Each structure stands twice: as C-alpha cells, then as structure tokens.
Amino acid sequence: MARRHSPQTLAVLVALADRPQDWRYGYELGKDVGLRAGTLYPILMRLSDRGLLETTWEVDPPAGRPPRHLYRLSAAGASVATEAASARVARPIARPA
Amino acid sequence: MTVGVFALLVRLLSRDDWGRAMLAEVAALDDPRERRRFALGCLGALLTRPASWLRVGGVVLVGAVPALLFTGPGGNGDVAGLVIVGIVIAICFVAVVHVEAVPVVARVACAGGLLWWAGMLASGTVRSHPEWALALLAACVAVAAWRGGVLAALGTAFVTCVAIFVVAVGTYAALPRLAPAVVPANAVHPAMENQIESTDPYVGELLLAALCGVALIAVARAAHRS
C-alpha cells in the first residue's frame with residue numbers, strides 16, 4: 001500500500017520533482033515551498049532515510065564558507081513524487097466553505 | 001544567536017551530515033535576523049531526533065560529575081588535585097560531544113551503569129573491588145564493539161566509566177539511605193562520612209573515563225578527517 005504523505009512532505013516532493021536534475025540546497029528549497037527549517041529538515045531526513053532523496057556536497061563553495069548539502073530526488077523518489085502528485089490531483093484537499 | 005554558538009549547539013546535538021548541512025546553510029546567510037530564525041529552526045529539527053536527546057543526556061551525565069565533586073562534603077582545597085579534576089572534567093565535556101553510534105553507546109552504558117548500581121546496592125563489598133568494575137567495563141566495550149565498531153566501543157568505555165562514577169557517588173549523595181554503609185556504625189555523622197568515603201574507590205573510573213575520552217576524541221577526529 002502506498003505511504004500517505006503529509007501536505008508539507010508532498011510540497012517538498014513536488015518542488016524537487018519540478019526540477020529533477022537540479023541539485024537544491026535547504027534554504028532555497030524551504031523558501032520555495034514556504035517551510036521553515038524546523039519543518040523542512042525532518043522531512044528531508046525522512047526522505048533520505050527511505051532512499052527517496054540523493055544527497056551530495058557542493059563542490060566549489062565560495063572561500064570562507066563550508067560546502068552546502070545538496071538534494072534531489074532519487075529514481076524511487078521521482079516515482080513516489082509522481083504518484084503523490086497524481087493522487088493529489090485526483091483527491092484535492094477540501095477547503096472550508 | 002551567533003554562528004559560533006549555533007555551531008557549538010549543532011555539534012553537541014549532531015555529528016552527522018545533517019548537522020554539517022545546517023551549519024553550511026546558516027553560514028551562507030547574510031541577514032542576521034534570517035540567520036537567527038533559520039538557526040533556531042535547525043536546532044528544532046535536530047531536537048526531533050531521539051539521538052539528540054541521548055546526546056543531551058550524555059552532557060547531563062558528565063555535568064553530574066562536577067556537581068557531585070564540588071557540592072559534596074570533604075575536600076581539602078588541594079590545588080594540584082583541583083587542577084587534575086578540572087582537566088578531567090574538561091576532557092569529559094569535550095569527549096561527550098564526540099560520542100558516535102549514540103543509540104548503541106546509550107543502551108550498553110546504561111546497562112553497565114545499572115548493573116554496577118544493582119551490585120553496589122546488593123553488597124557493600126562491591127565498591128572495594130575495582131577489578132569487578134573493569135570486568136563489567138570490558139564486557140560493555142566488547143558488546144559495543146560487536147554492535148557498532150571501534151567508535152562505539154570507545155564511546156561506551158568513556159560513558160560507562162562516567163556512569164559508574166555517577167551512579168555510585170550519586171547514590172551516596174542523593175539516596176544515602178539506599179546505599180550500604182562504608183564507615184563504622186559508631187561514626188558521628190554516618191551519612192556525611194559515607195558520602196565523603198564513597199568517592200575514593202571511583203576516582204579510578206573518572207581517570208579512566210578521561211583516558212578513554214582522549215582516545216575517543218582522537219579516533220573520532222581522525223575518522224571525520226578521512
């Protein structure tokens with residue numbers, strides 16, 4: 001059975017799936033989906049633990065700044081993101097009248 | 001919150017890639033308000049992980065050592081002794097930040113500390129047998145090495161030594177009625193004298209903790225560099 005994801009996790013999956021080849025860093029991704037670090041990082045940690053996320057380190061950071069951690073969806077993550085996005089379209093979130 | 005304070009807290013709570021990732025993101029932000037907000041969010045994210053709380057528990061355990069040594073009765077103000085104790089405590093605080101394989105270390109060291117505590121409460125003679133403490137320590141280290149490798153073994157050696165010291169000396173300080181008497185029954189102030197005498201057999205554990213701590217710091221730093 002497909003795992004149900006929170007709306008915040010779905011937003012992260014969809015944002016990463018929008019640019020599947022690009023490596024994204026945490027602050028930019030958080031701004032993109034409107035999540036604060038305290039919400040974003042636990043989601044990234046879970047996705048990474050489940051093998052849905054590929055991670056790497058920035059190769060050539062500016063002098064004096066440590067390299068950033070970069071993220072993009074793995075093949076498994078891309079398929080979960082596609083499933084999640086289609087489920088979201090098929091079953092839109094009900095809004096109060 | 002300055003980047004320095006944030007870095008210290010993150011290193012305390014996390015020694016994996018996520019901690020390094022958060023440090024790098026915060027270092028890249030120019031706006032102090034945004035940096036502070038992001039840093040606080042990162043700390044909140046790290047505190048969602050049980051391993052972070054185990055790390056906080058480790059710091060509290062090490063913090064109990066100076067609390068027991070400096071608030072208890074006894075002590076003659078010997079400067080050399082105070083310097084040695086100060087160095088040992090400083091090493092322990094640095095070492096606890098370098099503990100890796102935290103869940104394994106926490107489980108095995110807790111079991112070791114509780115076993116020693118149970119033995120100490122069951123018999124007044126246990127405290128006068130340091131070789132038994134060493135045997136327990138060796139068993140804990142073997143289990144940790146089997147479950148988590150060299151760093152887990154070193155971390156377990158360090159934390160178990162501190163745990164044995166804290167449970168033993170702490171029992172005489174906080175639960176004196178529970179602890180077996182070590183001074184003669186006709187002592188003037190038995191509880192206080194028991195507390196004073198309780199520390200001596202465990203000084204060895206504290207020194208051993210510092211030695212294990214130095215080894216742990218060296219090996220953990222070498223592992224992170226490679």
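The values are calculated or read from the model by the stated rules, or taken from the named source; none is laboratory data. Being a predicted model, the structure only gives us computed values, none of them experimental. Cβ coordinates were reconstructed from backbone atoms using ideal geometry, including for glycine residues, and neighbour counts include every protein chain displayed.
Of the residues A:Pro67, A:Pro61, A:Pro42, which single one is closer than 25 Å to B:Leu47 by Cα and in contact with a Pro (Cβ under 6 Å, 6 or more places away or on another chain)?
Numbers: A:Pro61 fails: closer than 25 Å to B:Leu47 by Cα; A:Pro42 fails: in contact with a Pro (Cβ under 6 Å, 6 or more places away or on another chain).
The conditions single out A:Pro67.
I'd like the full set of residues that are at pLDDT 95 or above and among the small types (Gly, Ala, Ser), limited to the range A:52-73.
Across the range A:52-73, there are no qualifying residues.
For the range B:168-184, name all the residues that are in a helix (DSSP H, G or I) and without any contact (Cβ under 8 Å) to a residue 24 or more places away in the chain.
Here is the first cut: in the range B:168-184, the residues in a helix (DSSP H, G or I) are B:168-174.
Answer for the range B:168-184, where residues must be in a helix (DSSP H, G or I) and without any contact (Cβ under 8 Å) to a residue 24 or more places away in the chain: just B:Ala174.
I need a count of the residues in the range B:186-202 that are under 25 Å from the mean Cα position of the chain (by Cα) and surrounded by fewer than 16 Cβ atoms within 10 Å (Cβ to Cβ).
Qualifying residue count, the range B:186-202: 1.
B:Gly57: in contact with a helix residue (DSSP H, G or I) (Cβ under 6 Å, 6 or more places away or on another chain), of a type outside the set (A, V, I, L, M, F, W, C) and at pLDDT 90 or above, yes or no?
no
Given the criterion under 10 Å from the mean Cα position of the chain (by Cα), at pLDDT 90 or above and within 25 Å of B:Arg33 (Cα to Cα), identify the matching residue among A:Leu40, A:Leu47. Show your work before the answer.
Numbers: A:Leu47 fails: within 25 Å of B:Arg33 (Cα to Cα).
Every option except A:Leu40 fails the conditions.
Of the conditions (1) touching a residue at least 40 places away in the same chain (Cβ under 8 Å); (2) in contact with a Leu (Cβ under 9 Å, 6 or more places away or on another chain), B:Arg15 clears all except one; give me its number.
Result: B:Arg15 fails condition (2) only.
Just for the range B:203-220: of the residues that are buried (at least 22 other Cβ atoms within 10 Å of the Cβ) and more than 19 Å from B:Leu151 (Cα to Cα), which one is farthest from the chain's Cα centre (by Cα)?
B:Glu205
Please go through the range A:16-49 and pick out each residue that is aromatic (Phe, Trp, Tyr) and within 11 Å of chain B (Cβ to nearest Cβ). Give the steps one after another, and end with the answer.
From the range A:16-49, those aromatic (Phe, Trp, Tyr) are A:23, A:25, A:27, A:41; that's our starting set.
The answer is A:Tyr25, A:Tyr27, A:Tyr41.
Only one residue in B:Ala118, B:Ala145, B:Ala139 is over 19 Å from the mean Cα position of the chain (by Cα), among the aliphatic types (A, V, I, L, M) and in a helix (DSSP H, G or I), so which one is that?
On the way: B:Ala145 fails: over 19 Å from the mean Cα position of the chain (by Cα); B:Ala139 fails: over 19 Å from the mean Cα position of the chain (by Cα).
None of the others qualify; the one that does is B:Ala118.
Can you tell me which condition B:Ala223 does not meet? The list is (1) part of a loop (DSSP other than H, G, I, E, B); (2) loosely packed, with under 15 Cβ neighbours inside 10 Å, and all the others hold.
Just one mismatch for B:Ala223, condition (1).
Taking interchain pairs and intrachain pairs at least six residues apart, which have beta carbon atoms under 9 angstrom, with the first residue in the range B:185-214 and closer than 14 Å to B:Val62 by Cα and the second of a type outside the set (D, E, K, R) and not in a helix (DSSP H, G or I)?
The qualifying pairs are B:Gly213/B:His98.
Which members of the range A:56-75 meet the condition of being in contact (Cβ under 8 Å) with a residue 12 or more places away in the chain and under 19 Å from B:Ala27 (Cα atoms)? Show your work before the answer.
Keep residues of the range A:56-75 that are in contact (Cβ under 8 Å) with a residue 12 or more places away in the chain, which gives A:56-58, A:68-74.
A:Thr56, A:Trp57, A:Glu58, A:Arg68, A:His69, A:Leu70, A:Tyr71 - these are the residues of the range A:56-75 that are in contact (Cβ under 8 Å) with a residue 12 or more places away in the chain and under 19 Å from B:Ala27 (Cα atoms).
Does the range B:86-95 contain any residue that is touching a Ser or Thr at 6+ places or on another chain (Cβ under 8 Å) and crowded, with 20+ Cβ neighbours inside 10 Å? Walk me through how you get there before you give the answer.
Residues of the range B:86-95 that are touching a Ser or Thr at 6+ places or on another chain (Cβ under 8 Å), as a first pass: none.
No - not one qualifying residue is present in the range B:86-95.
Residues in the range B:99-114: is at least one of a type in the set (Asp, Glu), in contact with a helix residue (DSSP H, G or I) (Cβ under 7 Å, 6 or more places away or on another chain) and assigned by TED's automatic domain parsing to the domain that holds B:Ala210?
Our first condition is that a residue be of a type in the set (Asp, Glu); within the range B:99-114, this holds for B:100.
Within this subset, residues satisfying the condition of being in contact with a helix residue (DSSP H, G or I) (Cβ under 7 Å, 6 or more places away or on another chain) are B:100.
Keeping just the survivors that are assigned by TED's automatic domain parsing to the domain that holds B:Ala210 gives B:100.
The answer is yes; a qualifying residue exists.
How about the range B:7-109: which helices (runs of 4 or more DSSP H) wholly inside it have at least 1 residues that are in contact with a strand residue (DSSP E or B) (Cβ under 7 Å, 6 or more places away or on another chain) and within 14 Å of chain A (Cβ to nearest Cβ)?
Working: elements: B:17-28, B:32-46, B:50-71, B:79-97.
Because the criterion is at least 1 residues that are in contact with a strand residue (DSSP E or B) (Cβ under 7 Å, 6 or more places away or on another chain) and within 14 Å of chain A (Cβ to nearest Cβ), the helices (runs of 4 or more DSSP H) in the range B:7-109 that meet it are B:17-28.
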